[in-house]
Amino acid sequence: MPNRPKPRNRRQTLRYGLTVAAFLLPSALPLAAFVYYPLGQAIWTSFQQWNLISPQKWIGSDNYKSLLADPSTAAVFWHSAQYLIAYLPLVYVFALGIALALNSRLAGRNFFRSIYFLPVVTSWIAVALVWRWLLNPNSGAVNAVLGWLGLPGPGWYNDPHWAMASVVLASVWKDTGFVMVILLAGLQSIPVEIEESALLDGANWIQRLTRITLPLLSPTTFFVLIISLISGFQIFDQVYAMTQGGPADASRVVVLEIYDLTFRYGQAGRASALSMMLFVVILAISVIQLRGQRRWVHYA
Amino acid sequence: MPNEHSRGRPALGSRWAQGLLFGVVSVGAAAMFFPFLWTLITSISSRIGVSAKPSLIPQDPSLDAYRQLFTELPFGRVVLNSLGIAFIVTVCQVLTSALAGYAFMRLPFRGRGIIFAAYLATMMVPGQVLLVPQFVIMKDLGLVDTYPGVILPSVASVFGVFLFRQAIDAVPRDLDEAARLDGAGHFRIFWQVILPLLGPTTATLSVFAFMGSWNSFLWPLVILRSREMQTLPLALAGLQGQYTTHWDLLMAGSVISIVPMLIIYLFAQKYVVRGVAGAGLK
């Protein structure tokens, strides 16, 4: 503590403490009141039977037991996983392709970066409406294009087999720019000299990509993977506005189930238990990946 | 970001390959932009109904849909709600984050590391876990369906604290010392010496705070009930339920929600990109 004269007496100590409090409390109080306290409440509520109105009733781990026995719990997690299995490779490959292109001496790359990033700043609800219109089975633009190509247009969000694909398509469109900017920052932190010396050694661009760029980009890839997995299990807006979880619950994901349990079916205790399970899944992903990271990530 | 405008990377391949690459990137960009164009065109196509065929040239172009949103439906109020809430959230986040950043960098106290870790740990908690208890807290405080009810959970931002903490760390301590020798206390130093130097950080956090609030849906959906309290995403979701096939109306609503953010983005692009890219680098 070099830059502060040591407080000499109790009054000065008190004064200093008040100063620290004045700087810290405007953020610490809201975090305590709206994160830590509710987190405790969520844990507590998960052991109660409660419809938000009548008094809570302690039922121990019954919420967890019945959730684990209920096939619809596995179904909502599976739907979130299905979303991720389709979404992750698509968003990463597109974003990487664009980032690699924009990282070379391409004319107009700042302009292109702006265009690809545009969807990131939009509201999911507005975007969901737009994509419902684009994917409209009867008069949507996508099926019109498919028709010109002689391909049959699927029923998209009206078809249980295509509902999740619709959500994935809209999500990839919306998120590619975000992942691209992160990958671009990662690519730009790779020293130009390494690539140039590989070029002098006669490496072609595929060799440079697979032997140099991708390994040196792996910390960024790892970061993208973590945040995509974590946010993928938390999707709500796009599903709520595009499919309402349907048809036939085909796109019902975890957070939609938490919302419906609480506010439609009056089962706040059960909803809290489900939210704790989501929390555990997300923590587990972080831990597993933090361990796996050492094996395949090459820090430059 | 180093090298961004200067040297550029070695080309991926020959001149021919560069041309091909430019073509592919252009087609991709056109595909990315198409939904915006399509939305705009549909919003001014007044005859678009269930039976209408999609067309790039609007038949009977008119602003009827926009007129309907602002006269028959309360979209004027809705836009003001969204603007007001986003503005207050932004001001609060910048202030609380800058203050906390100063405390973490310039005010040594016992347990500072632990408290900062406790701040960061909140980023591990998915917001949906807090949904039910936050709603109950607001109900107990009588804040359901009020502006404070929507705003309060987002007055602090750990992302913002993180940004400001880094930015304040980069300010030379000599400046503090000079001000202190002039008799300035911590509040004067914060307000008159440090904060004026943090323009870029303030801009970055402001854009993210405004965007987050303007686009947020789940919490407003839970806490706001009456029509005159609705924010834009809520009103849009309601519109969809009520006017399922009035595509001109739905797309006009989307345009009203999307365009302000696009304009802010185009002006503050550098700060947005810095915020996103900074998240990926340690």
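The values are calculated or read from the model by the stated rules, or taken from the named source; none is laboratory data. Bear in mind that the values here come from a model prediction, so they are computed numbers and not experimental data. Reconstructed Cβ throughout: ideal geometry from the backbone, glycine too, with neighbour counts over all protein chains shown. Only protein heavy atoms, including side chains, enter the accessible area calculation; ligands, DNA and RNA are left aside. Shrake-Rupley method; radii C 1.70, N 1.55, O 1.52, S 1.80 Å.
Does A:S104 qualify as being within 30 Å of B:W16 (Cα to Cα), in contact with a Lys or Arg (Cβ under 8 Å, 6 or more places away or on another chain) and free of Cβ contacts under 8 Å to residues at least 24 places away in the same chain? So A:S104 passes the test. All told, A:F112 falls short of being under 25 Å from A:Y240 (Cβ atoms) and in the same structural domain as A:D237 (by TED's automatic domain parsing).
Would you mind listing the helices (runs of 4 or more DSSP H) fully within the range B:30-126 where at least 3 residues are within 13 Å of chain A (Cβ to nearest Cβ)? Correct list: B:75-106, B:112-121. When the range A:17-48 is filtered for residues that are under 25 Å from the mean Cα position of the chain (by Cα), farther than 19 Å from B:G101 by Cβ and at the interface with chain B (Cβ under 7 Å from one of its Cβ atoms), the ones remaining, listed by number, are A:F34, A:P38, A:L39, A:Q41, A:A42. Quick check: is even one residue across the range A:76-95 within 14 Å of chain B (Cβ to nearest Cβ), crowded, with 21+ Cβ neighbours inside 10 Å, more than 20 Å from the chain's Cα centre (by Cα) and farther than 17 Å from A:V167 by Cβ? Within the range A:76-95, not a single residue is within 14 Å of chain B (Cβ to nearest Cβ), crowded, with 21+ Cβ neighbours inside 10 Å, more than 20 Å from the chain's Cα centre (by Cα) and farther than 17 Å from A:V167 by Cβ.
Looking across A:A248, A:A271, one residue alone is over 17 Å from the mean Cα position of the chain (by Cα) and buried (at least 19 other Cβ atoms within 10 Å of the Cβ). It is A:A271. Among the residues that make up the range A:142-164, is at least one of them facing chain B (nearest Cβ under 7 Å), open to solvent by 10 Å² or more (accessible area, probe 1.4 Å) and assigned to a helix (DSSP H, G or I)? Among the residues of the range A:142-164, at least one is facing chain B (nearest Cβ under 7 Å), open to solvent by 10 Å² or more (accessible area, probe 1.4 Å) and assigned to a helix (DSSP H, G or I), which makes the answer yes. Reported count of residues in the range B:250-262, each being more than 8 Å from chain A (Cβ to nearest Cβ) and surrounded by 24 or more Cβ atoms within 10 Å (Cβ to Cβ), is 1. Has the range A:166-181 got any residue that is open to solvent by less than 10 Å² (accessible area, probe 1.4 Å), more than 9 Å from chain B (Cβ to nearest Cβ) and of a type in the set (S, T, Y)? Within the range A:166-181, one or more residues are open to solvent by less than 10 Å² (accessible area, probe 1.4 Å), more than 9 Å from chain B (Cβ to nearest Cβ) and of a type in the set (S, T, Y). Of note, A:V192 does not satisfy the criterion of being crowded, with 21+ Cβ neighbours inside 10 Å, assigned by TED's automatic domain parsing to the domain that holds A:Y259 and among the aliphatic types (A, V, I, L, M).
Just checking, which of A:Q244, A:Q234, A:Q188, A:Q238 is within 7 Å of chain B (Cβ to nearest Cβ) and either in contact with a His (Cβ under 9 Å, 6 or more places away or on another chain) or under 19 Å from A:Y83 (Cα atoms) (or both)? Result of the check over A:Q244, A:Q234, A:Q188, A:Q238: A:Q234. Filtering the range B:155-175 down to residues that are over 16 Å from B:A98 (Cα atoms) and not in a loop (DSSP other than H, G, I, E, B), which residue is least open to solvent (accessible area, probe 1.4 Å)? The selected residue is B:L175. Of the residues making up the range B:127-150, those that are more than 10 Å from chain A (Cβ to nearest Cβ) and in a helix (DSSP H, G or I) are B:D140, B:Y147, B:P148, B:G149, B:V150. Can you pull out every residue in the range A:112-148 that is of a type in the set (S, T, N, Q) and more than 24 Å from the chain's Cα centre (by Cα)? The answer is A:N136, A:N138, A:S139, A:N143. For the range A:264-278, the set of residues classified as of a type outside the set (A, V, I, L, M) and touching a residue at least 12 places away in the same chain (Cβ under 8 Å) consists of A:G266, A:Q267, A:G269, A:R270, A:S272, A:S275, listed by residue number. Condition test on B:L80, is it surrounded by fewer than 19 Cβ atoms within 10 Å (Cβ to Cβ) and either farther than 29 Å from A:R113 by Cβ or at pLDDT 95 or above (or both)? Here the answer is yes, as B:L80 does meet what is asked. Here A:A198, A:A185, A:A241 are screened, and the one residue that is outside any loop (DSSP other than H, G, I, E, B), aliphatic (A, V, I, L, M) and modelled with pLDDT under 85 is A:A198. Of everything listed in (1) closer than 27 Å to B:S216 by Cα; (2) touching an Asp or Glu at 6+ places or on another chain (Cβ under 9 Å), the single unmet condition for A:R208 is (1).
May I ask you to verify whether B:V276 is facing chain A (nearest Cβ under 9 Å) and touching a residue at least 60 places away in the same chain (Cβ under 8 Å)? Here the answer is no, as B:V276 does not meet what is asked. The residues on offer are B:L73, B:L37, and the sole one that is open to solvent by less than 20 Å² (accessible area, probe 1.4 Å), under 22 Å from A:V130 (Cβ atoms), under 30 Å from the mean Cα position of the chain (by Cα) and at pLDDT below 95 is B:L73. Scan the range A:97-126 for residues that are in contact with a helix residue (DSSP H, G or I) (Cβ under 6 Å, 6 or more places away or on another chain) and either in a helix (DSSP H, G or I) or more than 7 Å from chain B (Cβ to nearest Cβ) (or both) and the total you get is 17.
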